[in-house]
1. Could you grab me the full set of residues in the range 43-93 that are over 29 Å from Pro2 (Cα atoms) and open to solvent by 70 Å² or more (accessible area, probe 1.4 Å)?
2. Here are Arg5, Arg84, Arg76, Arg40: which of them is outside any helix (DSSP H, G or I) and charged (D, E, K, R)?
3. How many of the residues in the range 19-34 are free of Cβ contacts under 8 Å to residues at least 24 places away in the same chain, open to solvent by less than 90 Å² (accessible area, probe 1.4 Å) and farther than 16 Å from Phe59 by Cβ?
Amino acid sequence: MPDDRRIDEVDCPEWGGTMRVRSLDPSDLRELAEFVGTNRKFAAFLAASLVDEDGEPLFSIEEVEKLEQRSAIPMRRLIMVACRLSGIGPLLQ
C-alpha cells in the first residue's frame, strides 16, 4: 500500500529556509503519546512531523531537546501545519 501521508513545505527563514512537515499516522501518534509528558508535547509533536526531502525524519524523538531550545515563533508556525496535515485539532491557538 502506498504511503498516503501528506507533506507540506513551510517557509521558515528563522531556521535558514524551508522546512518539510508531514502528517502523522496512528502509529506515529501512538509512539508520540508514549513518550510525551505535558511539558514536552509541542517539541515532540514537531520532531515527529519534520522530514527531509526524502520524507525521512529530521529529528528522532530522543532529540526533542534540540527543538525545545529554538524560538517559539517558527515552532508555532510549523506545529499549526503539522496539526492541519494530521487532521487533529490545533495544539496551539
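1. Glu65, Lys66, Glu68, Gln69, Arg70, Ala72, Ile73, Arg76, Gln93
2. Of Arg5, Arg84, Arg76, Arg40, the one residue that is outside any helix (DSSP H, G or I) and charged (D, E, K, R) is Arg5.
3. 3
The values are calculated or read from the model by the stated rules, or taken from the named source; none is laboratory data. Nothing here was measured: the structure is a model prediction, and the numbers come from that model. FYI the Cβ positions are ideal-geometry reconstructions off the backbone, even for glycines, and counts take in every protein chain you see. These accessible areas exclude ligands, DNA and RNA; they are computed on the full protein's heavy atoms, side chains included. Shrake-Rupley method; radii C 1.70, N 1.55, O 1.52, S 1.80 Å.
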